[in-house]
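**Q** Below is a structure I'd like to ask you about.
Values in this text are rule-based calculations from the coordinates and carry no lab data. Bear in mind that the values here come from a model prediction, so they are computed numbers and not experimental data. Cβ: placed from backbone, ideal geometry, glycine included. Neighbour counts: every protein chain shown.
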Amino acid sequence: MTNSWTDIKNTDLVLIMGGNAAEAHPCGFKWVTEAMQHRKAKLVVVDPRFTRSAAVADYYAPIRVGTDIAFLGGVINYLLTNDKIHRDYVKLNTDSTFLVKEGFAFDNGFFSGYNEDKRSYDKATWGYQLGEDGYVKVDDSMQDPQCVFQQMKKHYSRYTPELVSKITGTPKEQFLKVCELMAGTAATNKVMTICYALGWTQHSVGSQNIRTMAMIQLLLGNMGRPGGGINALRGHANVQGITDMCAYSEVLSGYLGAPTDADDTREKYLAARTPKPLRPNQMAFSQNFPKWHTSLMKAYYGAAATPENDFAYDWVPKRDGAYDILAMFERMHQGKINGFICQGFNPLAAVPNKKKLSAAFIKLKYLVIMDPLETETSEFWKNYGPLNDVDPTKIQTEVFRFPTSCFAEETGSFTNSSRVISWKEKAVDPPGEAKPDSEIMARLFIKLREMYAKEGGALPEPIAGLSWPYINANTPSPMEVLREINGRAIADVLAPPDPKDPKAPRAVVVKAGEQMPNFALLQADGSTSCGNWIYAGCWTQAGNMTARRDNADPTGLGVFPNWGFAWPANRRILYNRASADANGKPWDPSRKYLAWNGTSWAGGADIPDMRPDAAPEQGVGAFIMNPEGVARLHAVGMNEGPFPEHYEPFETPVGVNLMCPTNPKAVSNPAARVYKGDLEAFGKKEEFPYAATTYRLTEHLHYWTKHSRSNAIVQPSPFVEIGEELAKEKGIKQGDQVRVRSNRGEVIAACVVTKRMKGLDVNGKKVHHVGIPIHWGFKGVTHNGYLANALTPFVGDANSQTPEFKAFLVNIEKV
Amino acid sequence: MSSLQSQDVVARSATTTPSPSVRSTPQIAKLIDESKCIGCKACQVACMNWNDLRDDIGENIGVYDNPADLTPSSWTVMKFFEVEPENGSLEWLIRKDGCMHCEDPGCLKACPAPGAIVKYSNGIVDFISENCIGCGYCVKGCPFDVPRISAKDNKAYKCTLCSDRVGVGLEPACVKTCPTGAITFGSKDDMVTYGEKRAGELQERGFKNAGLYNPQGVGGTHVMYVLKHADRPELEDLPANPTISPMVSLWKGIAKPLAVAGMVGAVVAGFFHYMKVGPVESDEKSEGADEKEPS
């Protein structure tokens, strides 16, 4: 979330799209009901199904799965055509005035630079025109046809309400009603928030779904403001924490891009990630990258990381290709992986195309499971009849199961969607021989280190040199680990030199050995260590900031500054400088969040997301991480284009992209990666005519709570949902057992026949949806069921590789 | 569920002696605001947990309601109604079903077992299991079809409004757990005031007939709803004008004196029979034979 759960109460309009907050986030949803009751905020829900969120909404509009960009692109067109934008905000806070390169073009589904063989773009023609001074050229009138504003206007003028309705199936008048409600927040004293979740991310265009909405929020002037923002609702209690610590291959802790094969020296690596400002006076805060990275290397390798060995840069793996979740199982499927340590993860259930996953696990020599529960993955080799029809005599994979403690059985921290890190104490001891994950990993590490010491091996240094500063090496305590993540001074940290008297002695601001107070004082010379720069400040000399439980909200704006610790810098709303106008006055005096008091930005409701002494006339932009200083409407970083464009899901019930009907190569995301074999496994609308989507139910959490009796009682057995019209066509009655097939597998479940899912008119044809809740499997105390991911396609978003669980094709019949 | 030796009972089933009412407590009520309810069933689980109930793991019968109805082990369930109050306007009404705790409780009136159903001065209607004879009259007496007879112990069960919690100053478990504030708890007066305020806010939001459901046919209830369509409670399976069944009224009203007269008559007749004919002898031999079974 750019804002926070508690901030939702400040909003005037809640849009729930690409998520189902009432269903999947019932506790956080209290802030939506709070806004509705006390601010008279309106709730709008756009979803293929009339959900539990829709049940309490003021307005609901249906949409076909996988067409959100068409819908939101239409909203952008509506806002620009009807001049419903917050013009001053847009000029101040976005790149709308920036000039785009002359060679940039979009034609019939492709942006300039497309390479069909590689399924990727050469981005040379994308991006801004630079002047001789190294800064971007701008046109403040926003009239130049090359300026981002005009380029954007041209791009989205194609998204007419008629065409939007034809693609999305949303009736035109309902689409326009939603546009009108959203457009109302272009007023300076109105703000909208958007709550989304995996309904937007789990698409082959997932990142662009979110970007389109971000553009809308920028055009309406809703970013950085109380009651506004782009708010991703995270699905596990601590999934924000796992992303922050970056326990995956593309990034290091704190979202520092991980090195690749191209970054063969530290110098090259740092240079590529340390951008210069693109406009005068901008903070371009990521210029500090070397400080964050060096401090991270000191946390990894301690005394072994020295200036002489480039702070052990050579010991860190350099990525030679993709290692995202889909790539990993593709490699396993190709037989290129021998062993797999599967920690707190149930991929047989949670990754698309169960058949492929099952075939992949069979190729492993060994599989280690670390989990509190008996997962399906841990018994992929066991025959459960049609639910898992394998022959154990043909499977040689050796499976080890390490029982781990559950969240309530260990002390530690959670990071929630609001980026608030909260400390919690252990409630009970884990049962039997279950151990905390940290202990299992520590013991494994100690053993490996011993083996390297005794037997040697290729490149033993990264193991031998790893910093392991814990009192008991086998059981690092969560307190020790969080202190290490926060970071400390290794040598005295001195104040920066005084510009007036550069030779004056510099004061010591952090003494050697002390905990770092924040990330601003991290150093690139090896004198500080920090396990995750954005968490710096969570455990200072004053103690564990994440354990704070002061529920005071001094301004009444839902800030709660002394409750836990929010990264970064305990800031509760990101980009909050944008809550004030060019002169530093709050856009809305009734929600005064931050203001320039003549000398400083301090003293507001929150920690300013701005250099505290940056006077408004200096023109320092609110989006300090970007070298532009402003937010991007034109984003070169995206793999399928700088402006989001509608592409059909890889399995489309329409078969054509109505935005470019004559280009069969741009039906689906042209930059998305598709593996051989997976392409053939896609189904066609002729055989699988119904648009399917998977989702969660409020009664369960993923594949965990089917092991809990209380949850099983309130949602006992698998089901799928279809509308009454489709049910009638297929002769299916309430509660009948039905078979749902995709080109990859099938599930059999009870059928909920509902008024809440209606056939949509898409391009002159009726498209029906089939809804598939995910929670059942062949382990647990609920009734056993088929894994929903037997059906889903093995393709992901072109940027994040998040699988397309939310839009695919199926057929359905009564059993 | 069981007697708490309470001194604030204002009514007891099938009992003519005065109730132990030395203490009195303020009238309380639970208010369920359906416009804020998201049907998450946290209240169902909280109820199970607090009351240590675990129902059977059932089957999905094609709806979101699970368990599909109240049972002896499920004292509250969410009921989902897909309705179209106006042409083409779909609404998904979600109602937390359970005991309404009537001011004039039909169950208590119908109950023939002395002290099996009590009403406390705070308004809670409670079943005292040790006195329950499992006759099922409470089921017939309830205008909301709430009590359920357990096949295991042949006793009636329903929501106690967490009388054990309320008795020590806590809110009911469902209220405590409700994540959206759809369930609130307080004095009856406060809840009526708040409910009417909420109904007014819903009217402003466009639900013209929003209102408080506190049916007077049973003297008002200590569980009330804010309904989006208070003019049509039957949309979500609530009686528009609940009253105690005429059969119960008949039993308590006209039939009871007759029955009492009948019983008195039987006693009198028995007395005269004893005086005139002497005691009825039992078959002592057969009874004695039973007692002489080897121990």
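**Q** At a Cα cut-off below 20 Å, give the lysines reachable from residue B:96, other chains included and same-chain residues fewer than 8 away excluded.
**A** Of all the lysines, those that pass the test against residue B:96 - Cα under 20 Å, at least 8 places apart if same chain - are A:30, B:30, B:36, B:41, B:79, B:158, B:176, B:188, B:228.
**Q** Report the one residue of A:561, A:792, B:50 whose Cα lies farthest in the direction of the positive end of the charge dipole of the protein assembly as shown (charges on C-beta: Lys and Arg +1, Asp and Glu -1; origin at the Cα centre).
**A** Of the listed residues, the answer is A:561.
**Q** Could you calculate the FRET efficiency of residue A:613 with residue A:133 from 1/(1 + (r/R0)^6), where r is the beta carbon distance between them and R0 is 35 Å, rounded to 0.05?
**A** Result of the calculation: an efficiency of 0.90.
**Q** Here's something else I'd like to know. Highest mean first, how do A:625-636, A:192-203, A:313-324 rank when packing is the count of other Cβ atoms within 10 Å averaged over residues?
**A** Ranked by mean Cβ neighbours within 10 Å, highest first: A:192-203, A:625-636, A:313-324.
**Q** Rounded to whole Å and sorted largest first, what semi-axes of the equivalent ellipsoid does the C-alpha gyration tensor of the stretch B:1-159 yield via the square root of 5 times each eigenvalue?
**A** Numbers: eigenvalues 188, 67, 42 Å².
Semi-axis lengths for the stretch B:1-159 are 31, 18, 14 Å.
**Q** With 10 angstrom as the radius, rank B:109, A:355, B:79 by how many other C-beta atoms surround their C-beta, starting from the fewest.
**A** By the 10 Å Cβ count, ascending: A:355, B:79, B:109.
**Q** Which of the residue pairs A:137/A:166; A:42/A:592; A:336/A:435 have a Cα-Cα distance greater than 29 Å in the structure shown?
**A** A:137/A:166; A:336/A:435
**Q** Something else now. Can you tell me how much longer the chain between residue A:38 and residue A:665 gets when fully stretched, taken as 0.36 nm per residue apart minus their C-alpha distance, in nm with one decimal?
**A** Gain on extension, residue A:38 to residue A:665, equals 220.7 nm.
**Q** Okay, moving on. Using alpha carbons only, how many angstrom separate the centre of the stretch A:707-744 from the centre of the stretch A:665-703?
**A** Here the two parts' Cα centres lie 19 Å apart.
**Q** With labels modelled as points extended 7 Å from the Cα through the Cβ direction, what inter-label distance (nm, one decimal) is found for residue A:453 paired with residue A:636?
**A** In this crude label model, residue A:453 to residue A:636 measures out at 5.0 nm.
**Q** Using every Cα-Cα pair within the protein assembly as shown, state what percent have a distance larger than 50 Å.
**A** Counting every Cα pair in the protein assembly as shown, those more than 50 Å apart make up 32 percent.
**Q** Sort the following peptides by mean Cβ neighbour count (other Cβ atoms within 10 Å, averaged over residues), highest first: A:73-80, A:254-261, A:218-225.
**A** A:218-225, A:73-80, A:254-261
**Q** Name the helices (complete DSSP H segments) of chain A with a Cα length along the long axis of 15 Å or more and a Kyte-Doolittle mean of at least -1.0, or state none.
**A** A:68-81, A:172-183, A:206-219, A:289-301, A:437-455
**Q** While we're on this one: Full extension from residue A:685 to residue A:599: what is 0.36 nm times the residue separation minus their Cα-Cα distance, to one decimal in nm? Each step should come with its number before you reach the end.
**A** Details: separation 86, 0.36 × 86 = 30.96 nm, distance 6.34 nm.
Taking residue A:685 through residue A:599 to full extension adds about 24.6 nm, to one decimal.
**Q** Show me the ranking of peptides A:296-303, A:244-251, A:448-455 by mean Cβ neighbours inside 10 Å, starting with the highest.
**A** Averaged packing, sorted descending, gives the order A:296-303, A:244-251, A:448-455.
**Q** Can you check what the net charge comes to around residue A:63, using other residues whose Cβ is under 11 Å from the Cβ of residue A:63 (Lys, Arg +1; Asp, Glu -1)?
**A** 0
**Q** Hey, can you grab everything whose amide H is under 5 Å from the amide H of residue B:116? Only 5+ residues off in sequence or another chain; H modelled, so Pro and N-termini drop out.
**A** B:13
**Q** Something else about it: Once fully extended, how much extra length lies between residue A:82 and residue A:464, figured as 0.36 nm per residue of separation less the alpha-carbon to alpha-carbon distance?
**A** Details: separation 382, 0.36 × 382 = 137.52 nm, distance 6.41 nm.
Here the segment from residue A:82 to residue A:464 would lengthen by 131.1 nm.
**Q** In peptide A:747-754, what is the residue-averaged number of other protein chain Cβ atoms found within 10 Å of each Cβ?
**A** 3
**Q** So which of A:766/A:806; A:356/A:706; A:585/B:208 end up more than 31 Å apart by C-alpha?
**A** Those over the limit are A:585/B:208.
**Q** Do any trypsin sites (Lys or Arg not before Pro) in the stretch A:107-146 lie in a loop, going by DSSP, with at most 15 other beta-carbon atoms within 10 Å of their beta carbon, and if so which?
**A** A:118
**Q** Modelled label-to-label distance, residue A:426 and residue A:481, 7 Å Cα→beta-carbon offset: nm?
**A** Computed distance between label sites residue A:426 and residue A:481 equals 1.3 nm.
**Q** Moving on to the next point. Given axes a ≥ b ≥ c from the Cα gyration tensor, I'd like to know whether the stretch A:664-814 is rounded (a/c under 1.5), prolate (a/b larger than b/c) or oblate.
**A** Because a/c hits 1.5 or more and a/b fails to exceed b/c, the stretch A:664-814 counts as oblate.
**Q** About the Cα centre of the stretch A:664-814, what is the dipole size in debye to 20, counting +1 per Lys and Arg Cβ and -1 per Asp and Glu Cβ, all else neutral?
**A** Using only the charged Cβ atoms, the result is roughly 100 debye.
**Q** Could you work out, residue by residue across A:706-712, how many beta carbons of other chains sit within 10 Å of that residue's beta carbon, and then give the average as an integer?
**A** Mean partner shielding for this stretch: 3.
**Q** Please give the net charge around residue B:240, taking every other residue with its beta carbon less than 14 angstrom from that of residue B:240, where Lys and Arg add +1 and Asp and Glu add -1.
**A** -3
**Q** Okay, next question. Which GluC sites (Glu not before Pro) in the stretch A:88-188 sit in a loop by DSSP (not H, G, I, E or B) and have at most 15 other Cβ atoms within 10 Å of their own Cβ?
**A** Passing both the DSSP loop test and the Cβ count: A:102, A:116, A:132.
**Q** Between residue A:58 and residue A:355, what is the FRET efficiency for a Förster distance of 41 Å, r being their Cβ-Cβ separation, to the nearest 0.05?
**A** FRET efficiency, residue A:58 to residue A:355: 0.40.
**Q** Using Cα positions and a limit of under 19 Å, work out the aspartates and glutamates in reach of residue B:152, with same-chain residues fewer than 8 apart set aside.
**A** Cα-Cα hits under 19 Å: B:52, B:55, B:56, B:69, B:130.
**Q** Around residue B:34, with a cut-off of 9 angstrom between Cβ atoms, what is the net charge of the other residues, counting Lys and Arg +1 and Asp and Glu -1?
**A** Surrounding charge for residue B:34 is +2.
**Q** If R₀ is 41 angstrom, what is the calculated FRET efficiency for the pair residue A:188 and residue A:814, using the beta carbon separation as r and rounding to 0.05?
**A** Values: r = 56 Å, r/R0 = 1.37.
The computed FRET efficiency comes out at 0.15.
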